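This report concerns only the one structure given below.
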Amino acid sequence: MRVTIFGATGLLGKALVREWKSDEVTGLGSKDADIRDPEQVRAAVEHARPDWIVLAAAYTDVDGCESNRDLAFDVNCAGAVNVAQAANACGSRLLFLSTDYVFDGLSTSPYETDHPRAPQSVYGKSKADAEEQLLQISPECCIVRISWLFGVGGKCFPDTILRLAATKPEIDVVDDQRGRPTYAPDVAGAIIRLCQQQARGIVHVANAGECSWFEFAREIVSGAGLTTVVRPTTSEKFVCPAKRPQYSVLSAKSSRRYGIDMPHWQDALRVYLRERQTS
């Protein structure tokens, strides 16, 4: 199977390139093909003629999207449409990476794939609009929603917490937002299986278990053997340009239908901490 990955230099893209060993994989960064340019995308797809395209390229700076709305939609929505159209023209299947931010965060039980989209931020809106357009352009596509992504080789929450804990005796972390931390190599493994099984429709992929950002941070500091005190606080104390969902736990039912059983986030965190030490 031939696979082309757009966004191969990002956190998830790097994990995909590392983990995908059984097929012929081409990894493209923005310098190889800017997804905002339909001609660049078309040329890249025609050259590789892949069976599957994995679109992991995105503008993921959630707060940055609030002040750069045009850029957010150009990359996350129009760029995705460019890739979908190129995939259709070449007869390639498409897997698009989306996010828990397409939801309103008001639920009290895990979000199923058919829960109505109600994004509360520009980032979430750009991704939600992309989902809707891709399902019209390419009904056979697979949309994989992920949450709280972390891993070695890019900016992520555990990396930020460890850097803060290395220099501060105490750190405050919000305790009123809950979700499912998700380890990039685990997502990569799930994506590989989905492509191999010719998956279609919307699939939620996240590590098992759930926690608040405070609980996540406390586990990170403890797992790293640091003595920094992690204190719970509220979102009101950390005002950000973009509204964060208070609850964004993704249900695992859709991924289990494909035989994907994700490890618990605490187990994934231990693997991450070991990998971070040796990288």
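The values are calculated or read from the model by the stated rules, or taken from the named source; none is laboratory data. Note that the structure is predicted; figures quoted are calculated from it, not measured. Note that each Cβ is placed from the backbone with ideal geometry, even for glycine, and that neighbours are counted across all protein chains shown. These area figures cover heavy atoms from the full protein model, side chains too; ligands, DNA and RNA do not enter into them. Shrake-Rupley method; radii C 1.70, N 1.55, O 1.52, S 1.80 Å.
Scanning region 92-129 for residues that are over 17 Å from Arg244 (Cβ atoms) and of a type in the set (Ser, Thr, Tyr) gives Ser92, Ser109, Thr113.
Of all residues in region 126-148, those being within 20 Å of Tyr111 (Cα to Cα), open to solvent by 10 Å² or more (accessible area, probe 1.4 Å) and out of contact with any Phe, Trp or Tyr (no Cβ under 8 Å at 6 or more places or on another chain) number 3.
The set of residues in region 10-65 being of a type in the set (S, T, N, Q) and either in a loop (DSSP other than H, G, I, E, B) or closer than 16 Å to Phe96 by Cβ (or both) consists of Ser22, Ser30, Thr60.
Condition check ((1) in contact with a strand residue (DSSP E or B) (Cβ under 7 Å, 6 or more places away or on another chain); (2) modelled with pLDDT of 95 or more; (3) open to solvent by 30 Å² or more (accessible area, probe 1.4 Å)) across all residues:
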| site | (1), (2), (3) |
| --- | --- |
| Phe216 | no, yes, no |
| Glu219 | no, yes, yes |
| Ala224 | no, yes, yes |
| Val229 | yes, yes, yes |
| Thr233 | yes, yes, no |
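Applying the criterion of being surrounded by fewer than 16 Cβ atoms within 10 Å (Cβ to Cβ) and not aliphatic (A, V, I, L, M) to the residues of region 149-171, the residue that is nearest to Ala224 (Cα to Cα) is Arg163. If the condition is being more than 14 Å from Arg145 (Cβ to Cβ) and either surrounded by fewer than 17 Cβ atoms within 10 Å (Cβ to Cβ) or out of contact with any Leu (no Cβ under 8 Å at 6 or more places or on another chain) (or both), then region 80-103 contributes Asn82, Gln85, Ala86, Asn88, Ala89, Cys90, Gly91, Ser92, Arg93. Of note, Gln177 does not satisfy the criterion of being in contact with a Gly (Cβ under 6 Å, 6 or more places away or on another chain) and of a type outside the set (A, V, I, L, M). Residues considered: Arg145, Arg180, Arg193. Of these, the only one that is under 27 Å from Leu94 (Cα atoms), basic (Lys, Arg) and in contact with a His (Cβ under 7 Å, 6 or more places away or on another chain) is Arg145.
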